[in-house]
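Here the structure comes first, spelled out in structure tokens, and everything after it is commentary.
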Amino acid sequence: MTMRTRPLGTTGPQVSALGLGCMGMSALYGEADRAESIATLHAALEAGVTLLDTGDFYGMGHNEMLIGEALRAAPAARREQALVSVKFGALRGPDGSWLGYDGRPAAVKNFAAHSLQRLGVDHIDVYRIARLDPDVPIEETVGAISELVEKGYVRHIGLSEVGAGTIRRAAATAPVSDLQIEYSLISRGIEDEILPTTRELGIGITAYGVLSRGLISGHFTADRQLGAGDFRAMSPRFQGDNLRHNLNLVEALRKIAEQKGVSVAQIAIAWVLSRGEDIVPLVGARRRDRLTEALGALDVTLEPADLAAIEEAVPAGAAAGDRYPAAQMAHLES
């Protein structure tokens with residue numbers, strides 16, 4: 001398969017049409033197999049996936065070190081094609097607690113220094129604060145990243161989970177390649193104001209949560225037991241009546257997928273791909289079989305009749321429950 005590419009906005013790089021979100025290999029979804037994670041990273045690179053997304057707080061640096069290890073062991077040609085996107089700024093306690101976000105210029109440079117070391121690279125391809133620091137103007141945070149760009153430590157500036165006003169202020173400070181934000185069949189909040197703003201400004205979208213943390217993958221069941229360290233055990237969409245309602249949406253989507261001869265995950269990913277060439281979905285596969293399934297979405301063509309059926313089965317706003325618990329929703333300016 002020849003991997004298709006898409007631009008990360010008008011100022012960013014060309015990247016694979018699907019990116020690999022690596023968080024689950026280190027944190028928040030229960031135990032992961034290290035060897036399988038590295039094998040999945042290598043399989044992604046071999047398939048032509050170039051965009052690897054991580055955060056310096058995923059497993060308190062574990063995820064960056066894992067990616068660094070995988071890149072060192074990859075063939076030179078594959079290693080050189082990899083583009084690493086890093087989120088920073090989340091403050092963690094020794095017990096794993098979340099302590100807020102730090103977007104001060106000195107902190108930005110400090111976070112970058114540690115990421116470069118853990119990844120074992122001389123530059124970060126896309127660098128972005130994970131959530132807006134309410135105490136630091138976005139101009140100061142983006143300005144600090146811009147200084148890192150000037151010095152060659154960062155190639156492109158990104159944003160994450162911010163609203164239209166902040167996007168405009170950031171773009172007026174320095175060129176912004178893309179906004180990373182949740183976008184899926186059951187998380188469509190960006191369509192009203194944020195997506196029109198990014199398109200007006202020539203900023204791309206890297207869409208995470210395209211399978212809503214496995215909820216609309218077709219593999220999640222109502223009787224699945226989640227461990228205490230699994231984010232989904234606290235997520236409103238995975239609780240009680242909300243879960244039952246949301247899984248009914250999945251079954252409606254499954255009927256359409258079966259008619260197309262594809263999996264539920266593939267049709268959900270293909271729907272995000274169909275939203276525009278300026279949108280790059282991130283798939284959170286941490287096993288090779290799940291990666292293979294996700295890549296199959298690139299071969300799915302959704303005709304107007306398919307899109308109409310999908311919209312009828314899973315209309316905008318159909319999901320039950322917020323996408324994060326209340327305390328984390330408070331950090332989402334978007």
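The values are calculated or read from the model by the stated rules, or taken from the named source; none is laboratory data. Quantities reported herein were computed from a predicted structural model and do not represent experimental measurements. So basically every Cβ, Gly included, is an ideal-geometry build from the backbone, and we count neighbours across all protein chains shown. Accessible surface areas use protein heavy atoms only, side chains included; no ligands, DNA or RNA. Shrake-Rupley method; radii C 1.70, N 1.55, O 1.52, S 1.80 Å.
Summary of computed values
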read-out: Hits in the range 226-235 - residues which are open to solvent by less than 70 Å² (accessible area, probe 1.4 Å), out of contact with any helix residue (DSSP H, G or I) (no Cβ under 6 Å at 6 or more places or on another chain) and not charged (D, E, K, R); value: Gly227, Gly229, Phe231, Ala233, Ser235
read-out: Residue pairs meeting the criteria (Cβ under 8 Å; at least 6 apart or on separate chains; first farther than 19 Å from Leu243 by Cβ, in the range 199-216; second open to solvent by 40 Å² or more (accessible area, probe 1.4 Å)); value: Leu201/Arg168; Gly202/Thr10; Gly202/Thr11; Ile203/Thr10; Gly204/Pro7; Tyr208/Gly284
read-out: Failed item in (1) open to solvent by less than 20 Å² (accessible area, probe 1.4 Å); (2) at pLDDT below 95; (3) not in a helix (DSSP H, G or I), with Asp223 passing the rest; value: (1)
read-out: Hey, Gly204 of a type in the set (Gly, Ala, Ser) and open to solvent by 30 Å² or more (accessible area, probe 1.4 Å) or not; value: no
read-out: Close pairs (8 angstrom Cβ cut-off, 6 or more residues apart or separate chains): assigned to a loop (DSSP other than H, G, I, E, B) in the range 1-13, open to solvent by less than 50 Å² (accessible area, probe 1.4 Å) and of a type in the set (D, E, K, R) anywhere; value: Leu8/Asp178; Gly9/Asp178; Gly9/Asp278; Gly12/Asp178; Pro13/Asp125
read-out: Residues of the range 84-132 satisfying the condition of being touching a Lys or Arg at 6+ places or on another chain (Cβ under 8 Å) and open to solvent by 20 Å² or more (accessible area, probe 1.4 Å); value: Trp98, Leu99, Tyr101, Gly120, His123
read-out: Residue among Leu8, Leu66, Leu18 that alone is buried (at least 23 other Cβ atoms within 10 Å of the Cβ), of a type in the set (A, V, I, L, M) and in contact with a Cys (Cβ under 9 Å, 6 or more places away or on another chain); value: Leu66
read-out: Residue in the range 35-43 that is touching a helix residue (DSSP H, G or I) at 6+ places or on another chain (Cβ under 9 Å) and closer than 24 Å to Leu332 by Cα present; value: no
read-out: Check on Asp241, free of Cβ contacts under 8 Å to residues at least 24 places away in the same chain and open to solvent by 20 Å² or more (accessible area, probe 1.4 Å); value: no
read-out: In the range 21-52, the residues that are of a type outside the set (S, T, N, Q), under 20 Å from Gly296 (Cβ atoms) and open to solvent by 10 Å² or more (accessible area, probe 1.4 Å); value: Gly21, Glu36, Ala39, His42, Ala43, Glu46, Ala47, Gly48
read-out: Unique residue being at pLDDT 95 or above and either in contact with a His (Cβ under 7 Å, 6 or more places away or on another chain) or open to solvent by less than 40 Å² (accessible area, probe 1.4 Å) (or both) when the list is Leu298, Leu307; value: Leu298
read-out: Scope the range 244-272; condition touching a residue at least 60 places away in the same chain (Cβ under 8 Å) and of a type in the set (S, T, N, Q); matching residues; value: Asn246
read-out: Flag if Gly158 is within 21 Å of Ile256 (Cβ to Cβ), buried (at least 18 other Cβ atoms within 10 Å of the Cβ) and touching a Lys or Arg at 6+ places or on another chain (Cβ under 9 Å); value: no
